[in-house]
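Student: Have a look at this one before I ask anything.
Read-outs throughout are calculated quantities, based only on the coordinates presented, and are distinct from any laboratory measurement. Keep in mind the model is a prediction, meaning the values are calculated, not measured. When we count neighbours, we look across all protein chains shown, and the Cβ atoms used for this are built from the backbone with ideal geometry, even at glycine.
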Amino acid sequence: MIYKRSLKGLFEMECELCDNIENYRLIKETKYSKVAICKWPLKPGHVIVMPKRHVTQTTMCDLSDEELRDFMSLVQEMEDLLNEKFEENVITFKNSGKHSTQVHLHYHLLPSKGALRDLFSTFEAIPKREEITQREYEDMKKLLIDN
């Protein structure tokens with residue numbers, strides 16, 4: 001993280017996605033959003049779509065309705081473009097928590113030979129599909145809805 005001193009003498013984080021996207025990486029800008037080639041692309045076609053305004057991964061609901069429509073429309077437009085340009089289908093995802101290296105809200109779009117289920121089952125060495133019992137569904141539901 002880069003820190004800079006504000007005029008008031010307080011420390012503020014400088015956001016790499018707000019301030020430091022090189023023009024040669026920038027693909028498109030709309031009124032409220034932008035898309036760029038990922039700084040460390042996993043493969044050709046790996047892009048990130050983000051709102052122009054600094055909104056964090058945990059405050060996505062702070063986007064106005066107009067900003068959210070613009071952002072999600074650009075995600076869809078890029079999915080369509082990448083699906084057309086590459087021989088693989090696009091997976092769209094958002095990292096969160098410890099998996100996210102940027103606090104600025106952004107979605108990754110990545111052409112992939114496999115579906116998300118293929119990637120997770122391989123990476124985490126879990127079955128692609130496994131039947132669970134009604135009790136396991138109920139336990140999971142209880143975990144998610146109980147406060």
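Student: Using amide H atoms built 1.01 Å from N in the peptide plane, name the residues 5+ places from Ile91, or on other chains, whose amide H lies under 5 Å from its own.
Tutor: So Ile91 has HN proximity to Leu110, Ser112.
Student: Going by amide H atoms built from the backbone, whose H comes under 5 Å of the H on Thr56, apart from near neighbours?
Tutor: For Thr56, the qualifying residues are Leu105.
Student: With θ taken as phi - 60° and the coefficients 6.51, -1.76 and 1.60, list the Karplus ³J(HN,Hα) couplings across the stretch 68-80 in order, rounded to whole Hz; mark glycine and proline as x.
Tutor: Along the stretch 68-80, the couplings run 5, 4, 4, 4, 5, 5, 5, 4, 5, 4, 6, 4, 4 Hz.
Student: Which whole-Hz couplings ³J(HN,Hα) result when phi for each residue of the stretch 140-145 is put into the Karplus expression 6.51 cos²θ - 1.76 cosθ + 1.60, θ = phi - 60°, listed in order with x for Gly and Pro?
Tutor: Along the stretch 140-145, the couplings run 5, 4, 4, 4, 7, 9 Hz.
Student: Counting other C-beta atoms within 10 Å, which of His106, His54 has the fewest, and how do the rest follow?
Tutor: The fewest-first ordering by Cβ neighbours comes to His54, His106.
Student: Moving to a separate point now. How would you classify the chain from its alpha-carbon gyration tensor, with a ≥ b ≥ c the square roots of the eigenvalues: rounded for a/c under 1.5, else prolate if a/b is greater than b/c, otherwise oblate?
Tutor: Judged from the Cα gyration tensor, the chain comes out oblate (a/c at least 1.5, b/c at or above a/b).
Student: Just subtract the alpha-carbon distance of Lys28 and Glu77 from 0.36 nm times their residue separation and send over the number in nm, one decimal.
Tutor: This chain segment gains 16.6 nm when fully extended.
Student: From the phi of every residue in the stretch 40-54, what ³J(HN,Hα) in whole Hz does the Karplus formula 6.51 cos²θ - 1.76 cosθ + 1.60 yield, where θ is phi - 60° and glycine or proline is x?
Tutor: Once rounded to whole Hz, the list reads 10, x, 5, 6, x, x, 6, 10, 10, 10, 8, x, 5, 6, 6.
Student: Okay, moving on. Test of understanding: ordering Ile48, Ile145, Ile37, Ile126 by Cβ neighbours within 10 Å, fewest first, what list do you get?
Tutor: Numbers: Ile48 24, Ile145 7, Ile37 17, Ile126 11.
In increasing order of surrounding Cβ atoms, one gets Ile145, Ile126, Ile37, Ile48.
Student: Express the relative contact order of the chain as a whole percentage, based on alpha carbon pairs under 8 Å and six or more residues apart in sequence.
Tutor: RCO, the chain: 20 percent.
Student: Would you mind ranking Asp65, Asp70 so that the residue whose beta carbon has the fewest other beta carbons within 10 Å leads the list?
Tutor: Sorted ascending by nearby Cβ count, the order is Asp65, Asp70.
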